[in-house]
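All remarks here apply to the structure that follows.
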Amino acid sequence: MKYVRMLYVLALGAITQVQAEHHLKCNGHASLCSRRYNEVAYPATHNGQSHEQSDVHNQDLDLREQLKRGIRATKVHVWYDCNEQGEQVPFVCHGIDKAVLYNPPIEEALESVPFLFRPFARTVVEKAEPLKEIITDALKHAYGTDNAGGAIPFKHCILDPARRPLCALLSQVKDFLDKNKDEVVTLILEDHTRNLERISHDFSSCDLTPYVHTQDKTKAWPTLQEMIENNKRLVVFFHGDDDLPYDNYAWMHPIWSYAWDTHWKFKSLNDLKNAKTDALPNRGKESHARRKEGARNKVFIVHHFLTDLVGGSKSHASKVNRKAVLRQRLLRLAKEAHHIPNIVQVDFFQYPNNDIFDVIDELNGTGCYEGKPLYKF
């Protein structure tokens, strides 16, 4: 009787374990738990810090709502700007570089002027040319150059009403991770501050550091299940200058040491469909060349949007985000790279009909296209 009772307990434990594993979901799907981080596709937003409050936004919704609706990766811009106390702190925004004061993108601006009025606009610009030197000298005295400060702190985010301190955005990420224990999220920080110490300080002050994952460049990525069980569910890629002290902050992964990407300056839908204008790789050439070597731990970043002079376009997004367009391009890129597209960035992700989520599911094999997974490992 004693042995029967022992067998019963063991059997009950095994059943409980099977049930627990059956109910475990990673980023919404049990089948993704055994996949390594770079074997999964993630729906992502381009310039996720922007939203409809801004005149130059790429998304309608703020990051809190993006995450709530299923976005699992985003790229954001980080600049210095002044907080309410007048202190220069990292902000997220569509920022402007000081260089735009001294070398404004006049030719690009003229291209946006209707063709019939372009000669007149060019004449106005040419007549104002003698004033350029005077204005430039005044601006340099006031604001300095990129390498030297001037008499007035430069407000990089002044043209973006959606600007906010980096810590405010990080708090939204932390709130989501706190409430969703089986989700893995990726942040790509496009840095313009050159101050890793200050950005690390913001992660710490927002209590987000405990969630960050540190990836050894010589090893394979962990599975989503391992990341979830270890509660290291936030991957941070850093897109900044090469000479920064990344070794002091091992969780700030310099992006092109771990990833490669597609081109991103697409002007038309045909550019996205053309294998010549959409050739691989754009940046991260060494990572692309080594993607099938050693630990096979490289990450494939896809930019899937059309570029305007500033901000995004809902009209463009409604065209390029359609299932047929997105599916065709991602499948072509996957076959060409022999690698699943991992971080798929789009503008206005909910246009036209939240199609990106269906296509990402198809790519991951958690959803089917014509009765079969879109991509096979």
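Annotations
- Förster radius 22 Å - calculated FRET efficiency between Ala275 and Cys368 (Cβ-Cβ, nearest 0.05): 0.30
- Between segment 48-84 and segment 255-297, the alpha-carbon center distance in angstrom: 24 Å
- Segment 168-295 shape via C-alpha gyration tensor axes, a/c threshold 1.5: prolate
- Ala250 versus Asp175: modelled label distance in nm, points set 7 Å from Cα along the beta carbon direction: 3.3 nm
- Estimated from the Cβ-Cβ distance and a Förster radius of 45 angstrom, the FRET efficiency linking Gln328 and His201 is about 0.55.
- Within-10-Å neighbourhood charge of Arg329 [Cβ basis; K, R +1; D, E -1]: +2
- Over 21 Å (Cα to Cα) - which of Lys232/Lys285; Lys68/Lys217; Lys219/Lys292 fall in this group: Lys232/Lys285; Lys68/Lys217
- Per-pair calculated FRET efficiency, R0 = 30 Å: Arg64 and Asp358 via Cβ, rounded to 0.05: 0.85
- Ranked Lys68, Lys276, criterion: other C-beta atoms within 10 Å, fewest first: Lys276, Lys68
- For Leu208, Leu326, order by how many other beta-carbon atoms lie within 10 Å, fewest first: Leu208, Leu326
- Where labels lie 7 Å past Cα in the beta-carbon direction, separation of Lys292 and Lys265 in nm: 3.1 nm
- Counting every other Cβ atom within 10 Å of each residue's Cβ, His239, His304 order from fewest to most as His239, His304.
- The Cα atoms of segment 249-377 cover 41, 41, 32 Å along the three principal axes, with the biggest extent listed first.
We did not get these values from a lab; they are worked out from the coordinates using the rules stated. These numbers come from a predicted model, not from an experiment. When we count neighbours, we look across all protein chains shown, and the Cβ atoms used for this are built from the backbone with ideal geometry, even at glycine.
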